[in-house]
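Structure, as structure tokens:
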């Protein structure tokens, strides 16, 4: 278990996917540009099994924004799009109602 204080260190925000391209060196990955209000971050996400590029662009998603950058198959990732695991592949977590890009998830 983690403490509530540790959980509060995680920064979650609503982002809007503005671009999605197929990762050049991976079958299951996309390279996403995600608008977080004050900045846009590149995020590598393993969601290709569940979504087309067209389905992703314009979609609001929940993003962990304060993770250490990671290089995934040669592409830098500066966050994580949250998704639930399912038998049919990952299902991204989206807000139920309209919310501003960059809104903090609490």
Next item on the list: Could you grab me the full set of residues in the stretch 83-101 that are surrounded by fewer than 17 Cβ atoms within 10 Å (Cβ to Cβ) and closer than 20 Å to residue 23 by Cα?
Entry: 89, 91
Margin query: Pull out all pairs, ordered by first then second residue, where Cβ-Cβ is under 8 Å, the residues are six or more apart or on different chains, the first lies in the stretch 42-60 and is in a helix (DSSP H, G or I), and the second is modelled with pLDDT of 95 or more and buried (at least 19 other Cβ atoms within 10 Å of the Cβ).
Written below: 53/20; 53/30; 56/17; 56/20; 56/30; 56/32; 56/47
Check: In the stretch 1-41, what count of residues is obtained for those that are more than 16 Å from residue 66 (Cα to Cα), touching a residue at least 12 places away in the same chain (Cβ under 8 Å) and not in a strand (DSSP E or B)?
Finding: 7
Note to self: Just the residues that are closer than 20 Å to residue 46 by Cα and either modelled with pLDDT of 95 or more or not in a loop (DSSP other than H, G, I, E, B) (or both), please, taken from the stretch 88-104.
What the structure shows: 90, 91, 92, 93, 94, 95
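The values are calculated or read from the model by the stated rules, or taken from the named source; none is laboratory data. Computed from a prediction, not measured in an experiment: that's the story for all the values here. We place every Cβ from the backbone using ideal geometry, glycine too, and count neighbours over all the protein chains shown.
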